[in-house]
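The values are calculated or read from the model by the stated rules, or taken from the named source; none is laboratory data. These figures come from a predicted structure and were not determined experimentally. All Cβ positions, glycine included, derive from the backbone under ideal geometry; neighbour counts span all protein chains shown. Side chains are part of the model used for accessible areas, which takes the heavy atoms of the whole protein and leaves out ligands, DNA and RNA. Shrake-Rupley method; radii C 1.70, N 1.55, O 1.52, S 1.80 Å.
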Amino acid sequence: MSTNDYDIVIVGGGISAATVAKTVIEQAAAQVPPRHPRILVLEAGRATAMSADKYDSYVEAYQGTVAKVPNAPYPASGSAPQPDVLDIGRPVMGPDGTTRVPSDNGYFVQMGPLPFGSDYTRSLGGTTLHWLGTCLRMLPNDFRMKTEYGRGRDWPLGYEDLKPYYERAEWDIIGVSANVEDQVYPGIGGDPEAYFRSADRNRFPDGVYHFPMERIPSSYLDRYLAKKSAGLVVGLTDRNGVEHAFPIKISNTPVGRNSQPAKGYQVVGAVGNADHGQRCEGNSSCIPICPVQAKYNALKTLYELIVKYPDREPEEGAPRKARFAVRSQCVVSRVRHTQQPGRTGTVTGLTFTTYFDDGSAPVETTVTADRYVLAANAVENATLLLASGAANNSDQVGRNLMDHPLLLTWGMFEDSVGAFRGPGSTSGIPAFRDGSFRSERTAFRVEIGNWGWNFPENAPYDTVQDLVGGGESGQVKLYGKELRKRLGEILPRQFRIAWELEQDPEPTNRVTIDDRWKDSLGNHRPVIHYDLSPYMRASLPWAAEASRQLFAQLGIADKVRRPEYRPGDYTHYDPNDPSAVTYEGVTYWVRGAGHVVGTHRMGEDPATSVVDSHQRSHDLPNLYIVGCGSMPTLGTSNPTLTMTALAIRTGDRIAEQLKGTDA
Ligand SMILES: Cc1cc2nc3c(=O)[nH]c(=O)nc-3n(C[C@H](O)[C@H](O)[C@H](O)COP(=O)(O)OP(=O)(O)OC[C@H]3O[C@@H](n4cnc5c(N)ncnc54)[C@H](O)[C@@H]3O)c2cc1C
Ligand code: SF4
C-alpha cells in the first residue's frame, strides 16, 4: 500500500491539468474493478474566478483598464508573477558592440535578438481565461515535416493516431462549434468528411462525424469578404521561379465557444451560474475576457470535478468516488528526485510555497504522490525542470521554443463592414496551410479579425485619441456630435488580417535560468533567447505579397491615406517597434500569438527528446510533463486542441497504470 499523500499531484490549474484530471478520474471509474484516485492540483495563482460574482470582479477590472491587453483583467501576484505584452522590450547591443543587454522590465528576461512576444496567465484557469478559443486540428503532413519536407521533426504519432482524442477534446472537454463541410483545408484531399471521419463507433455508429455544436454564424465581414474575393487565386513564386497557386476561400473557424448544440450535447455555461453563457452573445471581448463565459475556459472543467468529486471521505454507505482537490496560491519550486546525470531516477516529491494575501509569511511544504504531472505551461514547465535539474539527460528541456509569429496587415474599406461586432474572429483562409513550398519556407494560416484595427493600432481607443487631437497628427480636434459621427464613419470600415506563420523548432530558441534573475519568492524567472530562422523569415514576403493581392481584389488601395485624422498608409511597420524584423532589406514586425510551444518535446529517442508519446518523462518514469511544450512542431493550427487531445491520451495511460494499485 502506498504511503504517499496522493495518487497523483498535478502542477498548474489550466486546461492541460484539468484534462488529465478529468480523464484519469472518469477512465479509472470505468474500469473493472473501478479505481478512485485521490488527486491534488497545486496552482500558483489565485482562485478568484471560481464563483460567478468573483469572476465578475475580473470583468470589472477589464472594463476599468485603459490598455485592454490579454492579462488586463487578471492581476499578477508578486509571488506568482506573469508575463505581460505591455512589458515587451527589445534587448539592445551594449557599448562594447558584442554583448547584448537583456530587456528585463517585465517577468521575462529577454535575451534576444528578438523579444518573445507572447504571454500567459498565472491564475486558476490559466491562459484559457483569455484565449480566443480557436480549435483547429493539425493537418496530416504537420506530423511528418521531416519526411515530407526535410524540415523540423516528425512526431512519434500521426493524425489518425490522434483523431479519437481530437474527438474527445472537442466533445468532452472544450465543446467546439463548427460544421464539417466548412473545413476545407489543403493536404486533406479536398474531402473534409474523410478527414473528420469518426474513429468512435459508439458515438458515431456510421462514422460520420459532427461537432457538438453548430458553427458560430459568420460575421458580416466574413460574408462581405467571401463575396468580394470569390474566384481569387493568389499566385506566389518560389526561388526556382515556380508559381504556386492558392485559391482563396473564406472558411468558418471551429471554436470553443457555445452555440446551438447538436442532439446529445449538453452546453456548459458559466462557472457557478449555468444559465449564463449558454450561447455566445457577441459581447466582443473574448480576448481578454468573455463576460458570460460562453467561451470555454478551464475553470469549467475544474469546477465540474470539484463539485462531483469533493476531497473528503464518503459518508457511511455512500459509494466510493475519486477525490479531487485544488489548492491555489501554491507555487511549486522544486521537483525532488533521485536522478543522477545520464541516468534515470524517480520523483520523490514536489516542494511548493503557499503565499497569503494577509501579509503572513509564506510557508514551504513538500507533498508526495505515486505519480506527478507538470502542467504549468510550456515556459513554466521548462523553468521548473531546469531549476530542479530534472528530466534533462537529452539537454532538450527549454529548447525549441516556438510560437506563431503574426504578421498583421490592415486597411480600410470604402463601405462599412460592421467591424467591432461579434467574436474576435469567425473565419480564416486555409489555402496556405500546406503545400510543397514548405520545403523552402514555412506555411501560414490567415485569421480574419472582426475587431477593426484593434490589434495593430489599439482601435477604437487610438482612433478616438487621434480625433480629439491627442494623437500623432494633433490637427483634428473633434468633440461631441461631430466626434461620434466621425467615429461612426471610420470604425466600421476598419479591417485587419493576421498571417499566422508556422515557426520551426530551433535548439537556440530557448528558455533558460540564471541566478541573477529571480522573483520575490526566490524562484527563477524565465530567461528567453528568441529569433526567427531564415526558413521562417522567408514566409514574410510571401504573406505580405498574398496580402497585397487580396487587398487589391477587395478594393483596398495600396496606399490609402488617412489625412482625416492621421497621416500614414495602411499597414506600416515602424522600424523602432520592439519586434521589428528585417528580411531581404524590408522591415516587418511580428506579434506573439500566445501559442507557447516546444520546450519539452516528445519523441521515441531519450537522447533527443524529453517525453515519450504519452508525455511521460524518459528520465523520471513517474513524471508526466504535459502541455504544448511536448509538441515537436506546431503546424498552422492554434495548439490548444492538439494539446488537449494529447492530455486525454496521457490521462488514459495514467488510468491504465492505476490498475492493480490501491487507488
Ligand atoms: C492572447 C492569447 C490567445 C490565445 N488564443 C488561443 C486560441 O484561440 N486557440 C488556441 O489553441 N490557443 C490559444 N492560446 C493559447 C492557449 O491559451 C494555451 O495553449 C493554453 O492555455 C495552455 O494551456 P496549459 O494548461 O498548458 O497552460 P495554462 O493555461 O497557461 O495554465 C498553466 C497553469 O499553471 C499554473 N502554474 C504556472 N507555474 C506554476 C507553478 N510553478 N506552480 C503551480 N502552478 C503553476 C498557472 O498559474 C496556470 O494556471 C492563446 C493564448 C493567448 C495568450
Ligand atoms: S463574442 Fe462575447 S459572448 Fe461570445 S465568446 Fe466572445 S466575449 Fe463571449
Filtered residues of the stretch 488-545 (kept if in contact with a Ser or Thr (Cβ under 7 Å, 6 or more places away or on another chain), of a type in the set (Ser, Thr, Tyr) and open to solvent by less than 20 Å² (accessible area, probe 1.4 Å)):
TYR535, SER539
Of everything in the stretch 212-234, what is in contact (Cβ under 8 Å) with a residue 40 or more places away in the chain, more than 16 Å from ligand 2 (Cβ to nearest atom) and open to solvent by 80 Å² or more (accessible area, probe 1.4 Å)? Give them in sequence order.
LYS228
From the options PRO310, PRO319, residue that is modelled with pLDDT under 95, surrounded by fewer than 16 Cβ atoms within 10 Å (Cβ to Cβ), outside any strand (DSSP E or B) and away from ligand 2 (no atom under 16 Å from the Cβ):
PRO319
Evaluate the stretch 40-56: report whether one residue or more is away from ligand 1 (no atom under 14 Å from the Cβ), in contact with a strand residue (DSSP E or B) (Cβ under 6 Å, 6 or more places away or on another chain), aliphatic (A, V, I, L, M) and open to solvent by 10 Å² or more (accessible area, probe 1.4 Å).
yes
Any idea which of (1) touching a helix residue (DSSP H, G or I) at 6+ places or on another chain (Cβ under 6 Å); (2) open to solvent by 30 Å² or more (accessible area, probe 1.4 Å); (3) farther than 24 Å from ALA44 by Cβ; (4) not hydrophobic (A, V, I, L, M, F, W, C) is the one ASN105 doesn't satisfy?
(3)
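Table: residues versus (1) within 30 Å of ASP519 (Cα to Cα); (2) crowded, with 22+ Cβ neighbours inside 10 Å.
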| site | (1), (2) |
| --- | --- |
| GLU364 | yes, no |
| VAL367 | yes, no |
| ALA375 | yes, yes |
| GLU380 | yes, yes |
| THR383 | yes, yes |
| LEU401 | yes, yes |
| PRO405 | yes, yes |
| THR442 | no, yes |
| ASN450 | no, yes |
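Per-residue answers, yes or no, for (1) touching a Gly at 6+ places or on another chain (Cβ under 6 Å); (2) under 12 Å from ARG601 (Cβ atoms); (3) not small (Gly, Ala, Ser):
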{"position": "GLU364", "(1), (2), (3)": "no, no, yes"}
{"position": "ASP370", "(1), (2), (3)": "no, no, yes"}
{"position": "ALA382", "(1), (2), (3)": "yes, yes, no"}
{"position": "ALA390", "(1), (2), (3)": "no, no, no"}
{"position": "GLN396", "(1), (2), (3)": "no, yes, yes"}
{"position": "ARG399", "(1), (2), (3)": "no, yes, yes"}
{"position": "MET402", "(1), (2), (3)": "yes, yes, yes"}
{"position": "LEU406", "(1), (2), (3)": "no, no, yes"}
{"position": "MET412", "(1), (2), (3)": "no, no, yes"}
I'd like the full set of residues that are more than 7 Å from ligand 2 (Cβ to nearest atom) and not in a helix (DSSP H, G or I), limited to the stretch 290-305.
GLN293, TYR296, ASN297
From the option list SER285, SER259, single residue qualifying as touching a Ser or Thr at 6+ places or on another chain (Cβ under 7 Å), of a type in the set (Gly, Ala, Ser) and assigned to a loop (DSSP other than H, G, I, E, B) is SER259
Could you list, in sequence order, all residues of the stretch 70-97 that are open to solvent by 40 Å² or more (accessible area, probe 1.4 Å), over 20 Å from ARG525 (Cβ atoms) and of a type in the set (A, V, I, L, M, F, W, C)?
MET93
Is there a residue in the stretch 198-211 that is at pLDDT 95 or above, over 28 Å from the mean Cα position of the chain (by Cα) and crowded, with 18+ Cβ neighbours inside 10 Å?
no
If you scan the stretch 291-305, which residues turn out to be more than 12 Å from ligand 1 (Cβ to nearest atom) and either surrounded by 17 or more Cβ atoms within 10 Å (Cβ to Cβ) or of a type in the set (Phe, Trp, Tyr) (or both)?
PRO291, VAL292, GLN293, ALA294, LYS300, TYR303, LEU305
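Across the stretch 136-147, what is the total count of residues that are more than 19 Å from the chain's Cα centre (by Cα) and either without any contact (Cβ under 8 Å) to a residue 60 or more places away in the chain or under 19 Å from GLU506 (Cβ atoms) (or both)?
Within the stretch 136-147, residues that are more than 19 Å from the chain's Cα centre (by Cα) and either without any contact (Cβ under 8 Å) to a residue 60 or more places away in the chain or under 19 Å from GLU506 (Cβ atoms) (or both) number 5.
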Can you pull out every residue in the stretch 628-654 that is assigned to a helix (DSSP H, G or I) and either within 16 Å of ligand 2 (Cβ to nearest atom) or among the hydrophobic types (A, V, I, L, M, F, W, C) (or both)?
CYS628, THR640, LEU641, MET643, ALA645, LEU646, ALA647, ILE648, ILE654
Criterion violated by ALA67 - all others in (1) closer than 23 Å to GLY522 by Cα; (2) more than 12 Å from ligand 1 (Cβ to nearest atom); (3) open to solvent by 30 Å² or more (accessible area, probe 1.4 Å); (4) among the small types (Gly, Ala, Ser) satisfied
(1)
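For GLN657, are the conditions met, namely being at positive phi and away from ligand 2 (no atom under 16 Å from the Cβ)?
no
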